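The values are calculated or read from the model by the stated rules, or taken from the named source; none is laboratory data. Predicted model, so just to flag it, every value in this text is computed and none were measured. Cβ sites come from the backbone with ideal geometry, for glycine too, and all protein chains shown count toward neighbours. Just the protein is used for accessible areas: all its heavy atoms, side chains included, with ligands, DNA and RNA removed. Shrake-Rupley method; radii C 1.70, N 1.55, O 1.52, S 1.80 Å.
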Number of protein chains: 2
Amino acid sequence: MTETVTVRNGIDVDQLLATIEAIKADPAVGTFTFRASSRWRDGTYNLGEIGRFIHAGLEDESRAEPFRLEGDEPPVLLGRNKGPNAVELLLQALGFCYAVGYVANAAARGIDITDMEYELEGDLDVRSFLGLAGERPGFTAIRVTGRVASPNATKEQLVELSQYVQDTSPVRDCLANPIPVTTTLEVR
Amino acid sequence: MTETVTVRNGIDVDQLLATIEAIKADPAVGTFTFRASSRWRDGTYNLGEIGRFIHAGLEDESRAEPFRLEGDEPPVLLGRNKGPNAVELLLQALGFCYAVGYVANAAARGIDITDMEYELEGDLDVRSFLGLAGERPGFTAIRVTGRVASPNATKEQLVELSQYVQDTSPVRDCLANPIPVTTTLEVR
């Protein structure tokens, strides 16, 4: 008897394998340009929008509506808590990235995941941001604790998978290694 | 006649200056530990939560409720578009960070801002994420275009401020320079 599992951990494993084969055949299928925009409203409060992206040179049309986000600071950082702040979003992004990588790779390896969560924290000294001599402007350290439960994998398999996910995580790579960031300003 | 402006661009300049003085007097006042958590739900879908943070060694209590976020992937990346993906959130965070830095520093310099927006994009090759040989897992490049309008600053002042903001932006620093990221896994 042959067991055919096409969906594991909510991941369509057939689609995952087909995607890998398509990219092997044509590396352009693996290329994306993601986008976001934001508009300043007042003080530390901004409205963000994440809409369509470019995949293999073409605009992906799967999103009818963009996602809308609010960014703000807490009162101690001159805001009104209308949304999380930018560095908190960064931590959130790392947690999301790890989880997607973990459950997708687990699915590909035949590992069932029943529970997966991440807690993230980062230390930041605002002196540089405020023009004072101090630490670097960004996080001086980020610490992540993942928790996972699986009915059919050993602890060793799960820990090894965590290392694999760290090594291939897009967001972790963006934080642990330098990216060229080009910023231009148009004055209206 | 003395003009006393305590709020500019929605930023309380008196509070900003008082914060800087407080940190000069006691650098611990400038230290923060920000946090986020996420729980996996299904497939590429995760629920995130951004709640309280540590400021000067104490938990800030200004947020009665945490912010809740949804993270997902588009169908082409095995998800259902229930939320933006992790690398899109990273771009959004950079836009929010730049805007806060821009309007706050403008306020401190007496520059009025009437309009401020950012468009951000980042190139990503998913081959490494999928276990294939290819580019690094994260963004190979991020490009940002800011647009600003001010009734009382020159173009030169606004462009110089943009450079200052880039140099002191926490999120830009997190992307442009490496951060130590420590990840541990607890197996349940």
Output the number of the condition that B:Glu121 fails; it satisfies all remaining conditions of (1) open to solvent by 50 Å² or more (accessible area, probe 1.4 Å); (2) more than 7 Å from chain A (Cβ to nearest Cβ); (3) not basic (Lys, Arg). (2)
Exception for A:Ala108 within (1) in contact with a Ser or Thr (Cβ under 8 Å, 6 or more places away or on another chain); (2) surrounded by fewer than 21 Cβ atoms within 10 Å (Cβ to Cβ) falls at (1)
Can you go through B:Ala104, B:Ala99 and tell me which one is under 17 Å from the mean Cα position of the chain (by Cα), among the small types (Gly, Ala, Ser), at the interface with chain A (Cβ under 7 Å from one of its Cβ atoms) and farther than 15 Å from A:Pro84 by Cα? B:Ala104
Hey, does the stretch A:92-104 have a residue that's touching a helix residue (DSSP H, G or I) at 6+ places or on another chain (Cβ under 8 Å) and without any contact (Cβ under 8 Å) to a residue 40 or more places away in the chain? yes
In the stretch A:150-165, what residues are open to solvent by less than 20 Å² (accessible area, probe 1.4 Å) and either among the polar types (S, T, N, Q) or at the interface with another protein chain (Cβ under 7 Å from one of its Cβ atoms) (or both)? A:Leu158, A:Ser162
Looking only at the stretch B:166-188, which residues are basic (Lys, Arg) and either surrounded by fewer than 24 Cβ atoms within 10 Å (Cβ to Cβ) or closer than 18 Å to B:Gly30 by Cα (or both)? B:Arg188
Criterion (more than 7 Å from chain A (Cβ to nearest Cβ) and in a strand (DSSP E or B)) met by exactly one of B:Thr145, B:Thr183, B:Thr140: B:Thr140
